[in-house]
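The values are calculated or read from the model by the stated rules, or taken from the named source; none is laboratory data. No experiment lies behind these values; they were computed from the predicted model shown. Using ideal geometry, Cβ is built from the backbone for each residue, glycine included, and neighbour counts are taken over all protein chains shown. Each accessible area value is taken on the protein alone, full model and side chains, heavy atoms only, with ligands, DNA and RNA left out. Shrake-Rupley method; radii C 1.70, N 1.55, O 1.52, S 1.80 Å.
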Amino acid sequence: MTDVIQSPHNPILKRVRSLGHRKTRYAERAFMLEGVRAFSAAIEAGIEPVATLVADDASPEILALAGSWRPRLVERRLFNLIMDTDTPQGIAAIAPMPAAELPDVAAPLIVALDGIGDPGNLGTIVRSAAAAGADGIVLGPGCVDPYNAKTVRSAMGALFVIPILEHGSETDGWIRERCPSRLLAAMDGEQCYDAPLWRGGVAMIVGSEAHGASAWGRNLATGGVRIPLTRAVESLNAAVAASILLFEAQRQRQPSGAV
């Protein structure tokens, strides 16, 4: 780790920049992660970085964290230029996309997202879903790429601990089979979110705050659920609503959960 990359034309820096494009990420099945927390979470989940980059003025702690993964030193000016954040911590990696399989669970809790286009919202929902013990996330039409740099940053490592799948005939059929209750979050939902709804196989469908659910989400749903609001507030942020539902589901699904 003696040579410092000082040219923006270095092949590995070109590759980092190319992974800013969704098409390249999916062609290579790889994405960029940045920062101590995301890097540590990936390693703890058994992800082996394809390449590890460290700023040449990184702290001893960061150098120690990266040490087992043959890190390449990058001149700090260049490191900052190729990273997505304003103040990079000094460590980043090209990581393979985690394998995502339908969970082998008899009565799963699945989060089905419909038109979640904001990367920060998606990352927050991924983090809440992982923390609340959901078994998987399905991305419906109009959802942002979960490996977008902003989504990765917002998820704070949760991408590596919960399967994230795209909708499609196989996945949708699996949801219908394993989740006989499929509840769409909506202002006019017929049941309140804290009613005894969340045990057994359940899919929680959360649509776009601005546009609501698409035909995909509406057709998937078997019923609706609402979160009561006061003071003429029209709606909740999608990530906030999903988090409220997730932790209510967690409460009910625990053996001692009151309903």
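At-a-glance table
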| read-out | value |
| --- | --- |
| Loop-resident sites, segment 83-187, for chymotrypsin sites (Phe, Trp or Tyr not before Pro), counting at most 14 other Cβ within 10 Å (DSSP) | none |
| Rounded to 10°, Cα long-axis angle of helix 119-131 versus longest principal axis of the chain | 70 degrees |
| Label-reachable residues, segment 16-38, where backbone N falls under 18 Å from a point 7 Å from Asp145's Cα toward its Cβ | 16-34 |
| 10 Å Cβ shell holding at most 13 others, DSSP loop, GluC sites (Glu not before Pro): longest site-free stretch of the chain | 1-100 |
| Stokes-Einstein translational diffusion, the chain - Kirkwood Rh over all Cα pairs, 0.692 mPa s, 37 °C, in µm²/s | 168 µm²/s |
| Within the chain, longest stretch clear of exposed trypsin sites (Lys or Arg not before Pro) (DSSP loop, no more than 16 other Cβ within 10 Å) | 30-198 |
| Candidate residues Thr52, Thr24: accessible-area rank, largest first, probe 1.4 Å | Thr24, Thr52 |
| Cα centroid of segment 100-168 to Cα centroid of segment 197-259, whole Å | 15 Å |
| Estimated dipole of segment 96-229 in Debye, rounded to 20 [Cβ of Lys and Arg +1, of Asp and Glu -1, Cα centre] | 220 debye |
| Label-point gap, in nm, between Asn237 and Asp86 - each point 7 angstrom along Cα→Cβ | 1.7 nm |
| Accessible surface, per residue, of the chain when the full set of protein chains is kept, probe 1.4 Å, Å² | 48 Å² |
